1. Is one or more of the residues making up region 265-274 open to solvent by 60 Å² or more (accessible area, probe 1.4 Å), at pLDDT 85 or above and out of contact with any helix residue (DSSP H, G or I) (no Cβ under 9 Å at 6 or more places or on another chain)?
2. Give L150, L225, L210 a once-over and let me know the one that is of a type in the set (A, V, I, L, M, F, W, C) and in contact with a Phe, Trp or Tyr (Cβ under 9 Å, 6 or more places away or on another chain).
3. Give me the pairs: first residue in region 243-263 and of a type in the set (D, E, K, R), second residue at pLDDT 85 or above and exposed (fewer than 12 other Cβ atoms within 10 Å of the Cβ), beta-carbon distance under 8 Å, and six or more apart or on different chains, which are they?
4. Give the residues of region 187-200 that are surrounded by 10 or more Cβ atoms within 10 Å (Cβ to Cβ) and either closer than 24 Å to V126 by Cβ or of a type outside the set (K, R) (or both), sorted by residue number.
5. Applying the selection to region 118-134, what residues are open to solvent by 20 Å² or more (accessible area, probe 1.4 Å) and closer than 16 Å to K95 by Cα?
6. Give V89, V99 a once-over and let me know the one that is at pLDDT below 80, surrounded by 11 or more Cβ atoms within 10 Å (Cβ to Cβ) and under 30 Å from H167 (Cα atoms).
7. State yes or no: is V177 more than 30 Å from F117 (Cβ to Cβ), assigned to a helix (DSSP H, G or I), open to solvent by less than 100 Å² (accessible area, probe 1.4 Å) and out of contact with any His (no Cβ under 8 Å at 6 or more places or on another chain)?
8. From the list L334, L225, L330, L251, pick out the single residue that is open to solvent by less than 100 Å² (accessible area, probe 1.4 Å) and at pLDDT below 85.
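The values are calculated or read from the model by the stated rules, or taken from the named source; none is laboratory data. All values derive from a computational prediction rather than experimental measurement. When we count neighbours, we look across all protein chains shown, and the Cβ atoms used for this are built from the backbone with ideal geometry, even at glycine. Heads up: the accessible areas ignore ligands, DNA and RNA and are worked out on the full protein's heavy atoms, side chains in. Shrake-Rupley method; radii C 1.70, N 1.55, O 1.52, S 1.80 Å.
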Amino acid sequence: MHYFNFSNSFSSAFSARGSKKPFPSHVRPSALRGAPRRLSTMASDEKKATKEKKEKKEKKEKGSSGDGKAKRSPGKGSGGGGGTPIQPVGKAKRKANFVSWFSDALKNDEGGARSAFIKARDYVAVANVFRARARDPSVAGAHDEALKLLDSKGHFMHIVDQCASAHAEAAKSWEEVKRRQRAKFEKAGGADGIAEKKRAAREAKEQHKLMLAAREERESRAKALKTARKEYKAQMNVFRMRGSCLDWCNLGKCSFGSECQFKHDEEDKGSLVALAAKVKAANVGGRTGEKDERRATKIREAREAREAAGDAGDAGDVGTGSRKKKTSSLLGDLSDDDDDDDDDDD
């Protein structure tokens with residue numbers, strides 16, 4: 001019997017490769033090159049499989065923790081496992097369930113739904129009947145998503161039309177509500193009238209905002225003025241206690257001059273002019289000085305205009321002559337001829 005010696009074959013293969021001789025016929029070079037790679041790939045596959053098995057086990061334990069039951073969808077059969085997951089309900093199905101549920105409520109007057117529906121006088125009241133019934137504790141929030149459909153007028157009208165047809169009295173009341181709402185709509189001027197009212201409301205809101213902003217600005221100015229007046233009054237009291245001349249401080253000059261009995265310190269000259277003008281104090285500060293300057297300018301301009309027109313004395317003579325002429329016209333003309341006639345008569 002012939003036994004194959006692996007050590008001899010490997011040694012001969014490597015020696016042959018080292019001597020650049022061809023490998024023996026019973027040794028494949030590709031097998032030698034890929035052997036370590038295949039071993040590492042097998043090891044990594046085993047590690048990956050072990051890791052996946054461990055993750056599945058942890059996930060299973062985590063799902064079964066808490067109440068002791070795994071969260072599975074109910075399946076058919078006695079085993080109860082392997083069922084398909086529950087599919088979410090679409091909008092159309094949700095709407096159909098909502099209509100069917102409230103139609104039964106109107107039919108059977110569950111929780112006073114029919115009586116409340118008949119008492120409703122407008123669309124808002126009707127929608128509130130639906131919401132009150134859907135939020136009842138006995139319903140347990142089963143139609144919370146369907147209630148959002150009532151916010152759309154198209155869905156609202158379609159839902160109420162279908163539900164009201166379940167009872168004759170409810171249908172009659174709903175027709176009366178629609179008639180009343182349409183009359184109100186036409187009275188408001190239709191779509192154009194309502195749009196105009198909305199536009200006017202928006203403009204009124206903007207005007208109100210502007211008014212509030214103006215009021216806030218006015219109040220802030222009044223507050224600042226009040227603060228400045230307090231400061232001005234405090235400064236006046238300080239100068240008064242020091243014996244300073246208030247005209248000297250407020251105007252920068254004093255009409256009494258050197259005869260004034262109060263102090264005229266150079267550092268106090270016009271020290272309150274800016275503050276007095278800021279608080280708009282009467283007869284003090286730069287305000288009086290500005291008024292006097294304007295008055296003097298006006299008088300000077302009037303005098304220059306008179307001088308340009310002519311001498312002021314000539315203008316006075318013209319006035320006297322006009323008065324003399326008026327007096328003579330009233331008394332009449334007395335000539336010397338009349339006196340002579342009187343003498344002749346004598």
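1. yes
2. Details: L225 fails: in contact with a Phe, Trp or Tyr (Cβ under 9 Å, 6 or more places away or on another chain); L210 fails: in contact with a Phe, Trp or Tyr (Cβ under 9 Å, 6 or more places away or on another chain).
Unique residue meeting the criteria: L150.
3. Partner pairs satisfying both residue conditions: K263/G243.
4. Selection gives A188, G189, G190, G193, I194, A195, E196, K197, K198, A200.
5. If the condition is that a residue be open to solvent by 20 Å² or more (accessible area, probe 1.4 Å) and closer than 16 Å to K95 by Cα, then R131, R133 are the ones that fit.
6. Values: V99 fails: at pLDDT below 80.
After ruling out the rest, the residue left standing is V89.
7. So V177 does not fit the description; no.
8. L251 is the lone residue from the list that is open to solvent by less than 100 Å² (accessible area, probe 1.4 Å) and at pLDDT below 85.
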